[in-house]
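Written out below as C-alpha cells is the structure these notes cover.
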Amino acid sequence: MRIIAGSNKGRGLKAPKWDGLRPTSDKLRETLFNIIAPHVVDARVLDVFAGTGAIALEALSRGAAAATCLEQDRRATELIEENRARCGEEHRCAIIRGAAQHALARPIPGGPFDIIVLDPPYDYPGLATAVRDAAGQRSPGAVLVLEHATRVVPPAPDGLTVTRTVTSGDSALSFYA
C-alpha cells in the first residue's frame, strides 16, 4: 500500500497483519480520487471505517485541508497513527476511536465534511443506517461515497439517491446525492 499522488506520492503505508481488515486497494483508491478530484483541495474529509487511514491520508496528500478517521478497532487506530506519522500528518489527521453507529449519530468534531467515504466490512449489518447518518455529517454540496461488495445493492435511505456506481473486481464505489 502506498500514497498514489500529491505531496506524499509513493510513500508506503503499513498494512494490517491480522485478518478481518480489508484495505481499499491502490487501484480502487486511485479510481475514487480520479472521480472526486475536483472536490479534494481544501476539503474536510471523513473516512468512516478508516482501517489503515489510507483514504484520509491520500486526500491530505492531494490537498485536503483536514481529515478525520473514524475507526472502532484499537489495532486499526494504532495502525492509522503509524501511517499518519509516516506521512507527517499528525496535525491535520484526527483519529476518533468509536463505533460508527454511535459516532455518526451526533455531530463529529471537524465537520461538517466536504467528502465522506464509508468503507465498512462487506457484511456490515447496519449499512443503511450508516449511510443515512453519514449523510447528516455533510456540508452543502458534499460528496458521499460507499465502498461495498459488488454483490450488495447500495442502500438509499431517507431520499438519498445513488448517482453512480463504479466497480473494480469484487468491490464497488457508489456515489450519493
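Values computed for the structure shown
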{"read-out": "Residue in the stretch 103-117 that is of a type in the set (A, V, I, L, M, F, W, C), surrounded by fewer than 16 Cβ atoms within 10 Å (Cβ to Cβ) and on the phi < 0 side of the Ramachandran plot present", "value": "yes"}
{"read-out": "Checklist (1) surrounded by fewer than 21 Cβ atoms within 10 Å (Cβ to Cβ); (2) in contact with a Gly (Cβ under 8 Å, 6 or more places away or on another chain); (3) small (Gly, Ala, Ser) applied to residue 99, failing item", "value": "(2)"}
{"read-out": "Verdict on residue 57 being of a type outside the set (Lys, Arg) and part of a helix (DSSP H, G or I)", "value": "yes"}
{"read-out": "Flag for residue 10 being outside any helix (DSSP H, G or I), in contact with a strand residue (DSSP E or B) (Cβ under 7 Å, 6 or more places away or on another chain), small (Gly, Ala, Ser) and surrounded by fewer than 17 Cβ atoms within 10 Å (Cβ to Cβ)", "value": "yes"}
{"read-out": "Hits in the stretch 1-51 (condition: hydroxyl-bearing (Ser, Thr, Tyr), under 24 Å from residue 174 (Cβ atoms) and either in contact with an Asp or Glu (Cβ under 8 Å, 6 or more places away or on another chain) or at pLDDT 95 or above (or both))", "value": "24, 31"}
{"read-out": "Residues located in the stretch 23-40, provided they are in a loop (DSSP other than H, G, I, E, B) and either buried (at least 16 other Cβ atoms within 10 Å of the Cβ) or over 16 Å from the mean Cα position of the chain (by Cα) (or both)", "value": "23, 24"}
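For every residue, the table says whether it meets (1) farther than 23 Å from residue 141 by Cα; (2) out of contact with any Pro (no Cβ under 6 Å at 6 or more places or on another chain); (3) in contact (Cβ under 8 Å) with a residue 24 or more places away in the chain.
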| residue | (1), (2), (3) |
| --- | --- |
| 38 | no, yes, no |
| 47 | no, yes, yes |
| 85 | yes, yes, no |
| 96 | yes, yes, yes |
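The values are calculated or read from the model by the stated rules, or taken from the named source; none is laboratory data. Predicted model only: the values in this text are computed from it and were never measured. So basically every Cβ, Gly included, is an ideal-geometry build from the backbone, and we count neighbours across all protein chains shown.
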